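Peer 1: Handing you this structure, nothing more for now.
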Amino acid sequence: MANHLSMANLQVIAALHRSGHSNRHIARVLGVNRETVGKYVNELQNQPNPQTGSGDPPFAVTTISKAGPVSSCEPFREQIIAWLEAGLSIKRIHQDLTAEHGYTGTYHCVWRLVSKIQSTSPLPFRRMEVEPGEELQIDFGTAAPVTGPDGKTRRPWMLRLVLSHSRKAYSEVVYRQTTDNFIAIIENAFEYFGGVPKRLLIDNLKAAVARADWYDPELHPKL
């Protein structure tokens, strides 16, 4: 059996099968042929009970709690923890799992496992060291609701710009996340700070990024 699948994969098959996942789902998680999964599932079902049979089972079986189904990203738990400790975001972890490990699950599945990990094992705090004038962090967020003269309430957007070293900040509220508004607010922040930092750190904001990609995002031409 070890000639076809690693012992770790065999344990994952056993765990996912015992938690009620279909052979199709298990094959998709591991990136293997469904018939291969079926072969090992049949062997698992036909093996003697370890407590009453003689000898060792063909491969180790992981005991699964009956509280709920096993997450499809559970087999990658150790890798996910390593990436979290390295400071990677959940978005980046999901992207790397998909690209490097053939993971086919959703972002929300990864998010749920990370939330579970962080609730039981808080990650160590890491202070970000940045030289003065080196970096400006930029992000949009929702602002407090505003009621206009017509009695209608609208919730505007707030662009928050924070110098990474001093944490000195500038905020401005707009009603639309347009590229023109984005650029104008940044220029206003430069006036407020009295200078321009070396680097602008932005998230995948629609006002700034035309095509999101972790390694090579495409910025709007105006930006």
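The values are calculated or read from the model by the stated rules, or taken from the named source; none is laboratory data. Source: prediction; values computed, not measured. When we count neighbours, we look across all protein chains shown, and the Cβ atoms used for this are built from the backbone with ideal geometry, even at glycine.
Peer 1: Restricting to region 208-223, and then to whatever is among the acidic types (Asp, Glu) and not in a strand (DSSP E or B), can you tell me which residue is modelled with the lowest pLDDT?
Peer 2: ASP213
Peer 1: Could you figure out which of (1) surrounded by fewer than 17 Cβ atoms within 10 Å (Cβ to Cβ); (2) under 30 Å from LEU163 (Cβ atoms); (3) modelled with pLDDT under 85 isn't true of TRP83?
Peer 2: So the condition that TRP83 fails would be (1).
Peer 1: Here's something else I'd like to know. Need a quick list: strands (runs of 3 or more DSSP E) entirely within region 132-207 having at least 3 residues that are modelled with pLDDT under 90 and surrounded by 11 or more Cβ atoms within 10 Å (Cβ to Cβ).
Peer 2: Counting at least 3 such residues, we get 135-142, 157-163, 199-202.
Peer 1: A further question follows. Looking only at region 85-119, filter to residues that are without any contact (Cβ under 8 Å) to a residue 24 or more places away in the chain and of a type in the set (S, T, N, Q); which one of those is farthest from SER71 (Cα to Cα)?
Peer 2: Within region 85-119, the match that is farthest from SER71 (Cα to Cα) is SER89.
Peer 1: Shifting gears a bit: Considering (1) crowded, with 16+ Cβ neighbours inside 10 Å; (2) among the small types (Gly, Ala, Ser); (3) at pLDDT below 80, say which one GLY105 fails and leave the rest.
Peer 2: (3)
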